[in-house]
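The values are calculated or read from the model by the stated rules, or taken from the named source; none is laboratory data. If you're wondering where the values come from, they're calculated on a predicted model, not measured in any experiment. Virtual Cβ from ideal backbone geometry, glycine too; neighbours counted across all protein chains shown.
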Amino acid sequence: MPDDRRKRTPTEEAPEYRVYRAGEDRPRKASRPDAASAAGRDRQGQGPSPDAEPAAANDRPRRASRQEPEPPYKVYSSRPRGLRARLRGEEDAELPDELPAPRRQGRERDQLPGEGRRWYRPTWRRGLAYLGIAVVAWVFFSFVLFMISAQEQSGSIPAAAQAELAPGGNMLTSADTILIIGTDQRPAGSKEPGADTSDAGSRSDTLMLWRIGGGVSRRLSIPRDTVTPIPGVGTTKINAAYAYGGPALTLKTVEQFTGIKINHVIIVNLANFPKFIDAIGGIDVTTGRICSTISGGVKKGGFSLFLKPGTHHLTGIQALTLARTRDNGCNASSSDLTREGYQQKILNAIKSQLISPGTFFRLPWASWSAPQALRTDMGGFTLMSLFAASEIGGSAPVQIVKPSGSEVLPDGEDGLTVSPSNVSSDVRKLLSG
């Protein structure tokens, strides 16, 4: 019977499997002749056994196999059986033909069989990224609404008024002077007794100069009863300039009275001003005791406001009533100067409310309402720079032109006189602080 055992060559590789015989749990060890039997064969002249190979020869195939590149697949072995399984005579579980890929331990979860899409495990970094995207989208949407609303209000200032304005700069880097005008015109359909619903013939109840830009925010209010010469009209109350020549004549009169050039003009729209206050969630204003009944109060179609001393959260209508309050039934010393002070407090309260967290959630509504509460020569980008400059400049202190006396006008009305030295001192504070 031929012997099928043959001598292995040094280049042959050891098989990648193990040989088991029936009933055996361990592979057979290759029988190696001991030194005594090998020596006996040598003495008998038989030579070394065919199975006896030098140890170095057995190691060569192993070293050769280590130098080969790794296969493009992964080899998985079954988990070793425990003692109980061996006692029961269980066979090793066969590996399936196709093994699933190992599950990833990273940020993604593997797609399981039957799933149509891959789901991602939520993380705090991914949550912050989504939140940042939502905030940017919300701000961008509000910016678009602001620009559209400002475009609709463009062209509301007469060309004659725009011709009176001096060129302005970028309010983020340099300061401009703005004239804010509030007239006694009432919205169409107003039930207020004696209300003038037409802009023609209206008088200016509010005249305020605002020096704003380049980190500066200062204001100077001019009482409406201040007596001054009006070009082409004569000496009378300064608020009559709007009735005679609209915003153009008002600009020319204020420039002549103060001696400074004005870069922009804003006319407050009383019909939309309360809507803007409500859009930003109301404002907080600190006042004394207020007992105000304008045009007979609410019962007669006018306005009423009753406040205790302290800080109050005002709605749009309440803020407008406070801005118009000249006669205070609870304070006999209240006058037009007191009203000017309240108007500046309202502007500071608006600025503070715009940067509050609550306004962020109302930003689209506030962005749409802000330009509609104004009539101005400024476009959308200039208005945006104005709001940004007001936040940078901070809250402006209350400053009012100080009257030096009073006089009776030819029509029998009382007016306030202001000395040139007082005007010069107040203007100097406005421009240079």
Identity of the residue in the stretch 192-226, modelled with pLDDT of 85 or more and of a type in the set (Ser, Thr, Tyr), that ends up nearest to the chain's Cα centre (by Cα): SER217
Being among the small types (Gly, Ala, Ser), more than 24 Å from THR258 (Cα to Cα) and surrounded by fewer than 18 Cβ atoms within 10 Å (Cβ to Cβ) is true for just one of SER419, SER333, SER385. Which residue is that? SER333
Criterion: free of Cβ contacts under 8 Å to residues at least 40 places away in the same chain and out of contact with any Cys (no Cβ under 7 Å at 6 or more places or on another chain) - qualifying residue of PRO364, PRO357: PRO357
Please go through the stretch 168-182 and pick out each residue that is assigned to a strand (DSSP E or B) and either surrounded by fewer than 20 Cβ atoms within 10 Å (Cβ to Cβ) or of a type in the set (Ser, Thr, Tyr) (or both). THR177
Does the stretch 247-258 contain any residue that is assigned to a loop (DSSP other than H, G, I, E, B) and among the small types (Gly, Ala, Ser)? no
List, please: which pairs have Cβ atoms under 6 Å, are six or more places apart or on different chains, and start with a residue in the stretch 390-412 that is over 22 Å from THR177 (Cα atoms) and among the hydroxyl-bearing types (Ser, Thr, Tyr) and end with one that is surrounded by fewer than 18 Cβ atoms within 10 Å (Cβ to Cβ) and modelled with pLDDT of 85 or more? SER404/THR417; SER404/SER419; SER404/ASN422; SER406/ASP414
Only one of LEU314, LEU354, LEU337, LEU320 is over 25 Å from ASP414 (Cβ atoms), more than 27 Å from the chain's Cα centre (by Cα) and among the hydrophobic types (A, V, I, L, M, F, W, C), namely LEU320
Just to be sure before I move on: is PRO364 farther than 28 Å from PRO309 by Cα and buried (at least 21 other Cβ atoms within 10 Å of the Cβ) in the structure I sent? no
The stretch 279-303, residues that are assigned to a helix (DSSP H, G or I) and in contact with a helix residue (DSSP H, G or I) (Cβ under 9 Å, 6 or more places away or on another chain): ALA279
Picked from the stretch 149-163 (must be part of a loop (DSSP other than H, G, I, E, B) and under 16 Å from ILE180 (Cβ atoms)), the residue modelled with the highest pLDDT is ILE157
Out of PHE306, PHE276, report the one residue that is aromatic (Phe, Trp, Tyr) and either within 30 Å of TRP368 (Cα to Cα) or assigned to a helix (DSSP H, G or I) (or both). PHE276
What pairs come out if I take residues in the stretch 246-263 that are without any contact (Cβ under 8 Å) to a residue 24 or more places away in the chain and pair them with residues that are assigned to a helix (DSSP H, G or I) whose C-beta lies under 7 Å away, six or more apart or interchain? LEU249/ALA241
Go over the candidates THR321, THR228 one by one and state the one that is farther than 21 Å from LEU374 by Cα and either in a strand (DSSP E or B) or of a type in the set (S, T, N, Q) (or both). THR228
Flagged in the stretch 269-300 as among the aliphatic types (A, V, I, L, M) and touching a Pro at 6+ places or on another chain (Cβ under 6 Å), in numbering order, are ALA271
